[in-house]
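Taking it in order: structure first as structure tokens, then the write-up.
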Amino acid sequence: MLTTLMNAEPGSPLPYTDTKLVGAADFYFALNATFRFIERKLGKDALHRYWQDLGTRYYAPVTTQWRAGGLRAVADYWRAFFKAEPGAEVTVEQLADEVVIEVKTCPIIEHLRDNQRAIMPDFCEHCYFVSEAMAQPAGLCARISGGNGRCTQRFSTQALPPQDINSITRCA
């Protein structure tokens, strides 16, 4: 069972008890290996369920903030999140009915490549499954396009067409 995160500082866009300014990039190795292990041992559907569970259970405190704060909370969260990710090159724009995140350099993909790690081909799909599971209870939907180190992520108050998983570029 995943543990729910507690908010370290009231009003913080990142409701984590760990207050370091920058994350540890070597954790990306563990993510890649964990996703690959689950897919090999349990299959792709189980991996999708794992990602959805991360979004609904582990990130529940984030969803609570989004539900209370709307798109401003979504934008604030992603700005703070990517600020703490080493090597991230990202812009976050809040519009009237959506937040658009342009990932120019994905910190995970970049770190894995820099360290000659074989990246799980469907790695970028986790952004959709986790984000959509976070967004739905907050009355939002998440859609991803691109991938393989560069993508656009949209969090919208409007109903969007279903995610085309093939629009998420596989990692090479």
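Descriptive notes on the structure:
- Exposure proxy for Leu47, Leu42: other Cβ atoms within 10 Å of each Cβ, ordered fewest to most, give Leu42, Leu47.
- Length released on extending from Gln136 to Glu89, taking residue separation times 0.36 nm less the Cα-Cα span: 14.3 nm
- When the square roots of the Cα gyration tensor eigenvalues are ordered a ≥ b ≥ c, the ratio a/c for region 87-126 is 1.5 or more and a/b does not exceed b/c, which makes its shape oblate.
- The calculated FRET efficiency for the pair Arg72 and Asn166, based on their C-beta separation and a Förster distance of 35 Å, comes to about 0.65.
- Residue-wise HN-Hα coupling along region 149-154, computed from phi with Karplus coefficients 6.51, -1.76, 1.60 (Hz; x: Gly, Pro): x, 9, 8, 10, 10, 10
- Take every Cα pair under 8 Å whose residues are at least 6 apart in sequence, average their separation, divide by the length of region 27-169, and the relative contact order is 25 percent.
- Helical runs (DSSP H, four residues minimum) scored at -39500 (n - 2.57) apiece and divided by the length of the chain put the mean residue ellipticity at 222 nm at -13000 deg cm²/dmol.
Where a number appears in this text, it was derived from the coordinates with a stated rule and is not lab data. Just so it is clear, the structure is predicted and the values come from calculations on it, not from any experiment. Every residue, glycine among them, receives a Cβ derived from its backbone with ideal geometry; neighbour counts consider all protein chains shown.
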